[in-house]
Amino acid sequence: MSAKVFTFRGGIHPPHHKTKTENVAIENALEPNIVVIPLSQHIGAPCDSLVTVGEKVKVGQKIGESKAFVSSPVHSSVSGTVKKIDVHQITTGAKVSCITIESDGLFEIHESVRPKGKLEDLSKEEVLAIIKEAGLTGMGGAGFPTHVKLSPPKDKPIDTIIVNGAECEPFLTADHRIMLEKPDLVLLGLRAIMKAVGVNKSYVAIEKNKPDAIEVMKKIVADYEGIEVVSLETKYPQGDEKRIINAITGREVPSGGLPMDVGCIVDNVGTVATIGNVIATGMPVIQRVTTVTGSAIQNPKNLYIRIGTLFKDVIEQCGGYSEEPGKLINGGPMMGIAQYTDEVPVIKGTSGILVLNKKDAEVPEPSNCIRCGKCVSICPVNLQPYMISRQAILNNFEEADKFHATDCIECGSCSFICPAKRPLVETIRVAKKEILTKRKKAK
Amino acid sequence: MENKLIGSSSPHIRTDETTQKLMLDVVIALLPALVASIFYFGFNSLILVIASVVSAVVTEYICQRIMKKPITVTDLSAVVTGILLAFNIPPTAPWWIPVLGSAFAIAIAKQIFGGIGFNFINPALAGRAFLMASWNPHLTTGWIDPVTDAVSSATPLSIIKGSATGELPSLFDMLVGNIPGVLGETSALLLLAGGIYLIYRGVIKWIIPVFYIGTVAILALFVDGGSMMLYHVLGGGLMLGAFFMATDYVTCPITDRGKVIYAIGAGILTMIIRKIGGYPEGVSYSILLMNILTPLIDKYVTPKLFGGAK
């Protein structure tokens, strides 16, 4: 057994705040009365509704679909009646078309939901079709349709699959609990991916601050050749796919490139476990594990939540707010998106619901850059954040482009580490947007 | 609740490190050397340091009031400048020397250029250069020999240079600071301890001190031979300069490779000044000259992009 711990250059060590939930077993969330299911929870084309207002639907029934390749269908997470199809605010900050369903409390399962049989009996194409039909999208937060990721073009041969169990975001423990409680589903999902892509080398990569998960996963993959569990240095953003590939294989995904350019596919452990669940039960993605935590949550929990459940209903069953909330975040504190209302639905990419109290939510006052160079030392992409930020503030976006602003992965490490509390990644994001818009116009 | 939630962009958490805490660490790292200077040179040392610090802080406050800018004296950067400037003057200097030096350092070298982060040279060294040019006798004489407790005319480096006569102190005295010199540079050992504290706390990186002192040591070995090498390393404020002046964030290069170039450059300049320049010691001017080259180094020495450039 190798004791090697893998890592990448740069990165930060934010305080973890995971103790509140890391030992709390996943609990089934209360059945919601109302679910609001967005027709677009992923990167790619939004779905068209397959149902109409007043129609009865069942659990697992496909209610939205698009003909586009880069898209992912959505399914009902309850049985009941379609009440509304209208535009609703969702966690990504966008307003998208959503189907509101009132539950009849019966949770009748749709006829199409049937176990898919043994993995051995399924062909490569069948596995891919099952993954596509089940509406799988990256559950780590980005929400890229999984079947697209697993169908790389012919000229990009894949030799390595990496299951991303790093969970480097502070506060979040959903992936950790999945590995502890559902290792069999992770294994089944991983084997399905290996089959679909035709690869016989894979890694389950876990930060070493989760020794129990490493042990459990090691035990379960022991009989399977080609699957290796590896320890990663506990460091943010270790879970970024380009960082995790670099840590384990030493390969560098080229600037502007994708993992497939270096023969790798990285899938979040929650996504992989869900693939396992789809194969075993036939149930599409209608639920996900989410960590509900933060300084203003009464009883932090890891919940198995039906997609479309409103944040306020989830928070209520965690005992509600323990004090006046200052900030409500979809995801972790480093890359999550702040919400202005708790009436947004849980989507496939909701890895965490984080509520910070007034004090923790305060945005610090920036002071002058003292050129301490910490942002340069920790940038995982080797950028000079202070320079890009300075140019962005001066509206010199062409200058910012020269400093490779568009290579920024927006991990936020620079803003975190800055002693002068400068809004580094925030301003770099603006520069990126300006540069990309300009490039598009030029084309 | 909609109107009460804060909606800023990620990240939503920050390190609790602040500019003020970094500066406080520098002050803490300088304290042992301050205590040593009081021990060796007497109470006047403390008066000079206090005068310098008060002048730096008050000057900063006044400048910011006049320019109608936010008052940032609580970030402690002026305190650091005040201590560092006082560390550069002889123990018998009158109290108004550090007062004028600090005022110049803050007003002219720092605030005129935009305050903290915008000065292009180290304010404390600029203040010292100003004093050197204006009241040279107060800066270059008036050494106290802690062994005899008498006012002496020679520092070890001026003896090496031949600009003064006298006997070189023992290397042990050089190390602990039992030698004539400016306030803060006397004890190489305590400055080293302060420097190691700063490296341990992550306030500075090891690169500049190691390459700077290393360059001076290697050149001294070639120029003056092995017996003089340690005098060059332990004397003339090299430790103070290498750990506390050359590492000044604002005026040294940002990247690691840039820091190496800068430190080696400062080492070479230090030895050139010591051997053929007009002054017995070259630490301050070597750092000031390299400060001016910093923007150039930063322009041409940039980190290699992960995944290669487009």
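The values are calculated or read from the model by the stated rules, or taken from the named source; none is laboratory data. Note that the coordinates shown come from a computational prediction; the quantities given were computed from them, not determined experimentally. Cβ coordinates were reconstructed from backbone atoms using ideal geometry, including for glycine residues, and neighbour counts include every protein chain displayed.
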(request) Select from the stretch B:1-53 the residues that are facing chain A (nearest Cβ under 9 Å), touching a strand residue (DSSP E or B) at 6+ places or on another chain (Cβ under 9 Å), crowded, with 16+ Cβ neighbours inside 10 Å and among the hydrophobic types (A, V, I, L, M, F, W, C) and list them in ascending order. (result) B:Leu5, B:Ile6, B:Ile13
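Being touching a His at 6+ places or on another chain (Cβ under 7 Å) and at pLDDT 95 or above narrows it down to one residue among A:Ala205, A:Ala174, A:Ala213; which is it?
Going through A:Ala205, A:Ala174, A:Ala213 in turn, the sole match is A:Ala213.
I'd like to verify a number: residues in the stretch A:347-364 that are facing chain B (nearest Cβ under 9 Å) and more than 29 Å from A:Gly308 (Cβ to Cβ), how many?
To start, the set of residues in the stretch A:347-364 that are facing chain B (nearest Cβ under 9 Å) comprises A:354, A:356, A:358, A:360-364.
Remaining after also requiring more than 29 Å from A:Gly308 (Cβ to Cβ): A:358, A:362-364.
Residues flagged as facing chain B (nearest Cβ under 9 Å) and more than 29 Å from A:Gly308 (Cβ to Cβ) within the stretch A:347-364 amount to 4.
Which of the residues belonging to the stretch B:110-122 are crowded, with 23+ Cβ neighbours inside 10 Å and either part of a strand (DSSP E or B) or of a type in the set (A, V, I, L, M, F, W, C) (or both)? I'd like the intermediate steps shown before the answer.
Here is the first cut: in the stretch B:110-122, the residues crowded, with 23+ Cβ neighbours inside 10 Å are B:110-111, B:116, B:119, B:122.
The answer is B:Ile116, and nothing else.
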(message) Among the residues in the stretch B:296-308, are any modelled with pLDDT of 95 or more and of a type in the set (A, V, I, L, M, F, W, C)?
(response) yes
(message) If I ask for residues that are farther than 26 Å from A:Pro345 by Cβ and among the β-branched types (Val, Ile, Thr), which ones from the stretch A:239-298 would you list?
(response) A:Ile244, A:Ile245, A:Ile248, A:Thr249, A:Val253, A:Val262, A:Ile265, A:Val266, A:Ile279
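Considering only residues that are in contact with a strand residue (DSSP E or B) (Cβ under 8 Å, 6 or more places away or on another chain) and outside any strand (DSSP E or B), look in the stretch A:79-104 and name the one that is modelled with the lowest pLDDT. Step through it out loud before you land on a result.
Pass one, the stretch A:79-104, residues in contact with a strand residue (DSSP E or B) (Cβ under 8 Å, 6 or more places away or on another chain): A:79-93, A:95-104.
Next, only the ones that are outside any strand (DSSP E or B) stay: A:79, A:90-93, A:104.
Numbers: A:Ser79: 95, A:Ile90: 93, A:Thr91: 93, A:Thr92: 89, A:Gly93: 86, A:Asp104: 95.
Here the answer is A:Gly93.
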(message) Among the numbered criteria (1) closer than 29 Å to A:Pro333 by Cα; (2) under 21 Å from the mean Cα position of the chain (by Cα), which one does A:Pro32 miss?
(response) (2)
(message) Name the single residue that is nearest to the other protein chains (Cβ to nearest Cβ) among those in the stretch A:380-427 being touching a Lys or Arg at 6+ places or on another chain (Cβ under 7 Å), under 15 Å from B:Thr302 (Cα atoms) and in a loop (DSSP other than H, G, I, E, B).
(response) A:Asn382
(message) Step by step: first the residues of the stretch A:242-286, then only those that are of a type in the set (Ser, Thr, Tyr) and either more than 14 Å from chain B (Cβ to nearest Cβ) or under 14 Å from A:Tyr203 (Cα atoms) (or both), then the one that is surrounded by the most Cβ atoms within 10 Å (Cβ to Cβ). Which residue is that?
(response) A:Thr274
(request) Could you please find all residues in the stretch A:26-59 being in a loop (DSSP other than H, G, I, E, B), surrounded by 15 or more Cβ atoms within 10 Å (Cβ to Cβ) and β-branched (Val, Ile, Thr)? (result) A:Ile26, A:Ile43, A:Val51
(request) Run A:Lys421 past the list (1) touching a Ser or Thr at 6+ places or on another chain (Cβ under 8 Å); (2) crowded, with 20+ Cβ neighbours inside 10 Å and report the number of the one that doesn't hold. (result) (2)
(message) Of the conditions (1) over 18 Å from B:Leu289 (Cα atoms); (2) within 16 Å of the chain's Cα centre (by Cα), B:Trp96 satisfies every one except a single condition; which number is it?
(response) (2)
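Given the criteria under 20 Å from the mean Cα position of the chain (by Cα), within 28 Å of B:Leu293 (Cα to Cα) and not in a loop (DSSP other than H, G, I, E, B), does B:Leu125 qualify?
yes
Taking B:Thr81 as the residue in question, decide whether it is within 24 Å of the chain's Cα centre (by Cα) and closer than 30 Å to A:Pro237 by Cβ.
On the way: within 24 Å of the chain's Cα centre (by Cα): yes; closer than 30 Å to A:Pro237 by Cβ: no.
No.
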(request) Filter the stretch B:234-247 down to residues that are modelled with pLDDT of 95 or more and not in a helix (DSSP H, G or I) and give me whichever is nearest to the chain's Cα centre (by Cα). (result) B:Ala246
(request) Check off (1) in a helix (DSSP H, G or I); (2) within 11 Å of another protein chain (Cβ to nearest Cβ) for B:Lys69 and give me the number that stays unchecked. (result) (1)
(request) Please tell me if B:Leu296 is in a helix (DSSP H, G or I), aliphatic (A, V, I, L, M), out of contact with any helix residue (DSSP H, G or I) (no Cβ under 6 Å at 6 or more places or on another chain) and more than 14 Å from every other protein chain (Cβ to nearest Cβ). (result) yes
(request) May I ask you to verify whether A:Arg371 is more than 20 Å from the chain's Cα centre (by Cα) and not acidic (Asp, Glu)? (result) yes
(message) Restricting to the stretch A:322-346, name every residue that is over 30 Å from A:Asp267 (Cβ atoms) and more than 8 Å from chain B (Cβ to nearest Cβ).
(response) A:Ser322, A:Glu323, A:Glu343
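So, in the stretch A:123-138, how many residues would count as being under 13 Å from A:Ser72 (Cα atoms) and either in contact with a Ser or Thr (Cβ under 7 Å, 6 or more places away or on another chain) or in contact (Cβ under 8 Å) with a residue 60 or more places away in the chain (or both)?
Going through the stretch A:123-138, the residues under 13 Å from A:Ser72 (Cα atoms) turn out to be A:128-138.
From what's left, either in contact with a Ser or Thr (Cβ under 7 Å, 6 or more places away or on another chain) or in contact (Cβ under 8 Å) with a residue 60 or more places away in the chain (or both): A:128, A:130-138.
Residues flagged as under 13 Å from A:Ser72 (Cα atoms) and either in contact with a Ser or Thr (Cβ under 7 Å, 6 or more places away or on another chain) or in contact (Cβ under 8 Å) with a residue 60 or more places away in the chain (or both) within the stretch A:123-138 amount to 10.
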(message) Of everything in the stretch A:307-328, what is crowded, with 24+ Cβ neighbours inside 10 Å and of a type in the set (D, E, K, R)? Give them in sequence order.
(response) A:Lys327
